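**Student:** The structure's right below; bear with me while I get my questions together.
The values are calculated or read from the model by the stated rules, or taken from the named source; none is laboratory data. As the structure is a computational prediction, the values presented were derived from the model and not from experiment. We place every Cβ from the backbone using ideal geometry, glycine too, and count neighbours over all the protein chains shown. Just so you know, the surface numbers come from the protein's heavy atoms only, side chains and all, with ligands and any DNA or RNA stripped out. Shrake-Rupley method; radii C 1.70, N 1.55, O 1.52, S 1.80 Å.
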Amino acid sequence: LLSSGHAQGDFVPNYDESKIPPYALPDPLQRTDGSVIKSTSDWEKRKKEIFEYFQREVYGISPVWDGKMEVREISKNESAIGGTAIRQELKLTLSREGRSLDMFVLLYLPKSAKASPVFLGLNFYGNHTVTDDKDILVTGAWIRNNETYHSENNRASEKGRGLRKDAWPVEEIIGRGYGVATLYYGELDPDFDDGFKNGVHALYPQQRDSSSWGSIAGWAWGLSRMMDYLETHAGVDKKKVAVLGHSRLGKAALWAGALDERFAMVISNNSGCGGAALSRRKFGETVGRINTAFPHWFADRFKSYNDRENELLVDQHQLIALMAPRPVYIASGVEDTWADPKGEFLGGLEASPVYGLFGKEGMPVSEMPAVDQPVMGTIGYHVRSGGHGLTRYDWKQYLEFADKHWGK
Ligand code: GCU
């Protein structure tokens with residue numbers, strides 16, 4: 001579907017557990033000066049150290065938003081989803097120092113409550129692919145050419161309408177009392193290596209350095225701007241917004257959760273390398289591979305860890321730990337070996353001691369559960385049958401998990 005990066009160059013992924021190089025994971029509860037973290041207030045210092053490291057060495061430093069956001073409602077249907085939901089399309093225009101960027105948000109809210117919890121996530125092929133709704137705008141932004149979703153000459157088309165609805169079961173989400181907000185990720189940053197001339201990066205045209213924000217940080221930053229808007233919406237329970245993403249957008253959702261504590265729940269679907277999976281395992285996609293196939297995703301400095309994962313002072317379990325004590329769900333697909341399902345599980349497991357500090361149970365099991373056997377502590381996890389994708393099965397677990405933590 002997407003440019004996968006599997007087959008470029010002479011990289012041969014390792015899929016053999018016995019060939020994983022020996023490694024020692026950095027301890028989330030030990031500071032770089034050797035002192036051990038024993039309280040939640042000490043954790044705040046350690047958390048800052050870890051966060052700043054991820055920012056500088058991995059995803060890049062994103063700017064503090066200092067511009068203006070203008071909101072325009074471009075459509076409203078008071079009787080969507082068989083009369084059970086209100087659907088809105090909003091155009092959010094960000095502007096700063098004479099430059100601007102438009103974001104077209106699609107939002108469904110159940111009519112059953114005054115203010116509802118919301119799942120917020122970026123989509124891959126445009127808002128019009130998410131449901132069959134006839135009047136949802138087709139994005140005018142750059143898009144990857146794709147036969148299945150009918151994008152040609154880097155433009156989306158009417159023919160793609162509704163084709164991703166399996167990944168966005170809006171009716172079921174609404175039926176369970178949740179809202180859903182989405183945006184086409186290419187409106188935030190077109191997913192190709194253009195030297196950061198377009199998308200959100202263009203709002204901050206200053207000199208870049210090796211720690212400047214890459215595309216993943218750009219997508220995450222855009223999720224925060226969507227949150228800025230959701231906070232102003234009376235129909236949204238702003239204390240219950242879950243940020244969710246699949247694959248590269250799962251990496252972005254995790255980074256968004258680390259950057260922005262307004263996200264009360266974080267969901268990573270098949271996020272793999274640079275997401276929930278431990279980099280040191282070098283199973284499937286590796287740091288070197290991802291930085292070569294997608295040179296624009298991370299800070300430039302991250303490339304200095306190509307094939308040198310052991311030199312990183314963090315691994316991805318510490319990214320999960322940054323969410324503590326908020327609920328996090330990590331999902332894998334058993335055939336999605338490129339994303340290293342076991343590495344994704346371990347990312348959650350190894351973050352658990354930090355949840356323990358807060359008196360919470362992180363991952364409720366210490367061994368990877370069997371296929372299609374979800375487990376739900378404050379960290380949730382499943383490995384479902386099948387491969388890479390965001391499915392109804394995945395959503396079913398996310399709804400359960402939200403019910404469990406948000407008392408439905
Ligand atoms: C590629 C890439 C992954 C990414 C995936 C996706 O396979 O190597 O890191 O998660 O695309 O976004 O679907």
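**Student:** Among the residues of the stretch 249-262, is any surrounded by fewer than 24 Cβ atoms within 10 Å (Cβ to Cβ) and aromatic (F, W, Y)?
**Tutor:** Within the stretch 249-262, none of the residues are surrounded by fewer than 24 Cβ atoms within 10 Å (Cβ to Cβ) and aromatic (F, W, Y).
**Student:** Let me ask something else about it. Got a sec? Which of P369, P374 is free of Cβ contacts under 8 Å to residues at least 40 places away in the same chain, over 16 Å from V328 (Cα atoms), of a type outside the set (V, I, T) and touching a strand residue (DSSP E or B) at 6+ places or on another chain (Cβ under 9 Å)?
**Tutor:** Just one listed residue meets the conditions, P369.
**Student:** Would the stretch 48-62 turn up any residue that is open to solvent by 50 Å² or more (accessible area, probe 1.4 Å) and assigned to a strand (DSSP E or B)?
**Tutor:** yes
**Student:** Starting from residues that are farther than 20 Å from N291 by Cβ and assigned to a loop (DSSP other than H, G, I, E, B), keep the ones in the stretch 203-232 and report whichever is farthest from the ligand (Cβ to nearest atom).
**Tutor:** Looking at residues that are farther than 20 Å from N291 by Cβ and assigned to a loop (DSSP other than H, G, I, E, B), I get T232.
**Student:** Here is a further query. Tell me the residue from Y329, Y355 that is crowded, with 24+ Cβ neighbours inside 10 Å and over 19 Å from S271 (Cα atoms), please.
**Tutor:** Selected residue: Y355, the only one of Y329, Y355 that is crowded, with 24+ Cβ neighbours inside 10 Å and over 19 Å from S271 (Cα atoms).
**Student:** Here's something else I'd like to know. Within the stretch 12-28, is even one residue within 16 Å of the ligand (Cβ to nearest atom), exposed (fewer than 14 other Cβ atoms within 10 Å of the Cβ) and not polar (S, T, N, Q)?
**Tutor:** yes
**Student:** Right, here's the next one. Please work out which one of (1) under 18 Å from R248 (Cβ atoms); (2) part of a helix (DSSP H, G or I) is the condition D191 fails and give its number.
**Tutor:** Evaluating D191 over (1) under 18 Å from R248 (Cβ atoms); (2) part of a helix (DSSP H, G or I) leaves (2) as the failure.
**Student:** Output the residues belonging to the stretch 233-247 that are open to solvent by less than 10 Å² (accessible area, probe 1.4 Å) and within 10 Å of the ligand (Cβ to nearest atom).
**Tutor:** Hit for the stretch 233-247 is G245, nothing else.
**Student:** One residue is enough: does the stretch 163-175 have a residue meeting the conditions within 29 Å of R96 (Cβ to Cβ) and buried (at least 24 other Cβ atoms within 10 Å of the Cβ)?
**Tutor:** So far as the stretch 163-175 goes, no, none of its residues is within 29 Å of R96 (Cβ to Cβ) and buried (at least 24 other Cβ atoms within 10 Å of the Cβ).
**Student:** Please find, among S224, S279, S304, S268, the residue that is modelled with pLDDT of 95 or more, hydroxyl-bearing (S, T, Y), out of contact with any strand residue (DSSP E or B) (no Cβ under 8 Å at 6 or more places or on another chain) and buried (at least 24 other Cβ atoms within 10 Å of the Cβ).
**Tutor:** Residue meeting the stated conditions: S279.
**Student:** Being over 21 Å from W406 (Cα atoms) and either of a type in the set (S, T, Y) or in contact with a Gly (Cβ under 6 Å, 6 or more places away or on another chain) (or both) narrows it down to one residue among S366, S268; which is it?
**Tutor:** Going through S366, S268 in turn, just one is over 21 Å from W406 (Cα atoms) and either of a type in the set (S, T, Y) or in contact with a Gly (Cβ under 6 Å, 6 or more places away or on another chain) (or both): S366.
**Student:** Moving on to the next point. Filter the stretch 391-408 for residues that are closer than 17 Å to P341 by Cβ and open to solvent by less than 20 Å² (accessible area, probe 1.4 Å) and give the result.
**Tutor:** D394, Q397
**Student:** For the stretch 101-147, which residues satisfy the criterion of being within 16 Å of the ligand (Cβ to nearest atom) and open to solvent by 20 Å² or more (accessible area, probe 1.4 Å)?
**Tutor:** R144, N145, listed by residue number.
**Student:** Would you be able to say whether some residue in the stretch 126-134 is in a strand (DSSP E or B) and at negative phi?
**Tutor:** So far as the stretch 126-134 goes, no, none of its residues is in a strand (DSSP E or B) and at negative phi.
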